[in-house]
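Undergrad: Starting off with a structure, shown below.
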Amino acid sequence: MPAAPQRLAWLDLFRGLAGLGMVWTHSAHTFLDAGLRDTPWFHELDYYHGLIAPAFFWIAGFVRAHVTTGKSKPAWPAFKRLLLVLLIGYAMHLPWYTLLTAETWRDACKVDVLHCLAISGMLMLLAERFDRWRNVVVAVLLVFFVGLETSAENWQTGVLFIDQYFNRNQGSLFALFPWVGFGLAGFLTRNVWNGGANLNAMGVFVLGGLLAFVQPYSPWPGGAPEFFLERLGWVMMAAVLVACIADRISAATGWLRLAGRESLLLYVVHLMLIHAVPLPRQALHQLIGMTQPLWVVFLIFVALFAASLALGWWNERRKARQ
């Protein structure tokens, strides 16, 4: 029986960096003065904010392919974890304090990043059932979800719960098209690069550079997926850079690796602190609003990240005692 693949510590660091960027992005978009958000420098910064979610998807795909390299794993335990992620995604949009009306039902059905992450993982579990053909299945799914993004903008079944996954026309923050493609791309990347600082890493970096800086034309009808290809390229380059320097800075980045290991908890906690905890009788985003200068937003970001990380540390200690 093949030995279990070694845990890649740099992936925790990469996920932790993405978590840091996630908390900053939500802080900036919630509290930064509305006038400052209309400035050219913020629009430029917002482009890099848009790399956070693709990084999380790509990491999830890379990790799944890594832990199943050379052997099969039972799907049920992973499916249960993904189902929990999906349920958390819905729970965070439920109107806990209001009656269920047509408007609140629409909000409750909104598809967000956790929904797409969960479905992405489930698709990879399905592909694994094809054993030696799993990479082919993942590649076909990748072409499907990226290539049909434009077409999916017009898809509608009349069932709101389903339609929210196709596009963002009805209020969803994310959609399966093309977001699950980042996870599928991460899965495929692991099959050509084992995560080490080697020649294959250079190849992944070069390919990422080509995707990020050379705007390729799409072979699919209905429009070129520049959004997907550009951001995938940046994520691939960032992954290689983190993998190459992670060991050299390990002593100073333990807190970021902790954030990476507890990224789901950080996601839930910092959003609850922003949107759900009454201070007093109003949530933080209502109490403050988009009114603050950059330095105040930075302090809020530090406080939110520190509080979330502290709970992540407590959660790891709790699991270690069990």
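Here, each number is a calculation from the coordinates, and none is a lab measurement. Keep in mind that this is a model prediction, so the values were computed, not measured. Reconstructed Cβ throughout: ideal geometry from the backbone, glycine too, with neighbour counts over all protein chains shown.
Undergrad: ³J(HN,Hα) across the range 140-150 via Karplus (A = 6.51, B = -1.76, C = 1.60, θ = phi - 60°), whole Hz, x for Gly/Pro?
TA: 5, 5, 4, 4, 5, 6, 8, x, 9, 4, 5
Undergrad: Considering only 234, 199, 264, whose Cα is most displaced toward the positive end of the charge dipole of the range 181-322, charges sitting on Cβ of Lys, Arg (+1) and Asp, Glu (-1)?
TA: 264
Undergrad: For a quick protection proxy, order the peptides 264-275, 283-294 by their average other-Cβ count within 10 Å, most packed first.
TA: Numbers: 264-275: 19.7, 283-294: 14.7.
Ranked by mean Cβ neighbours within 10 Å, highest first: 264-275, 283-294.
Undergrad: Take the alpha carbon gyration tensor of the range 78-139, find the square roots of its eigenvalues, order them as a ≥ b ≥ c, and report rounded if a/c is under 1.5; if not, report prolate when a/b exceeds b/c, else oblate. Mind dumping the intermediate values first?
TA: On the way: a/c = 4.74, a/b = 3.00, b/c = 1.58.
Taking the square roots of the gyration eigenvalues as a ≥ b ≥ c, the range 78-139 is prolate.
Undergrad: If the reach is capped at under 29 angstrom between alpha carbons, list the lysines near residue 71, excluding any in the same chain fewer than eight residues apart.
TA: Partners within reach: 80, 319.
Undergrad: Let's see if you can work this out: charge +1 on each Lys and Arg Cβ, -1 on each Asp and Glu Cβ, no other charges. What is the dipole magnitude of the chain about its Cα centre, in debye to the nearest 20? Numbers along the way, then the final one.
TA: Values: 24 positive and 18 negative charges, 290 e Å.
So the magnitude is around 1400 debye.
Undergrad: Which value does Rg/Rh take for the chain over its C-alpha atoms, Rh per Kirkwood?
TA: Values: Rg = 19.9 Å, Rh = 20.9 Å.
Computed over Cα atoms, the ratio is 0.95.
Undergrad: What length, rounded to one decimal in nm, is gained on full extension from residue 103 through to residue 67, with 0.36 nm per residue of separation minus their alpha-carbon distance? Let's see the in-between values first.
TA: Values: separation 36, 0.36 × 36 = 12.96 nm, distance 4.18 nm.
Answer, rounded to one decimal: 8.8 nm.
Undergrad: Using a 7 Å offset from the Cα along the Cα-to-Cβ direction at both residue 29 and residue 306, what is the distance between the two label points in nm, to one decimal?
TA: 2.5 nm
Undergrad: Mind sorting 94, 11, 160 by how few other Cβ atoms lie within 10 Å of their own Cβ, fewest first? Show your work: numbers first, answer last.
TA: On the way: 94 13, 11 22, 160 16.
Neighbour counts put them in this order, fewest first: 94, 160, 11.
Undergrad: Still on this structure, I have one more. Hey, can you grab everything whose amide H is under 5 Å from the amide H of residue 73? Only 5+ residues off in sequence or another chain; H modelled, so Pro and N-termini drop out.
TA: The list, which skips near neighbours in sequence, is empty: none.
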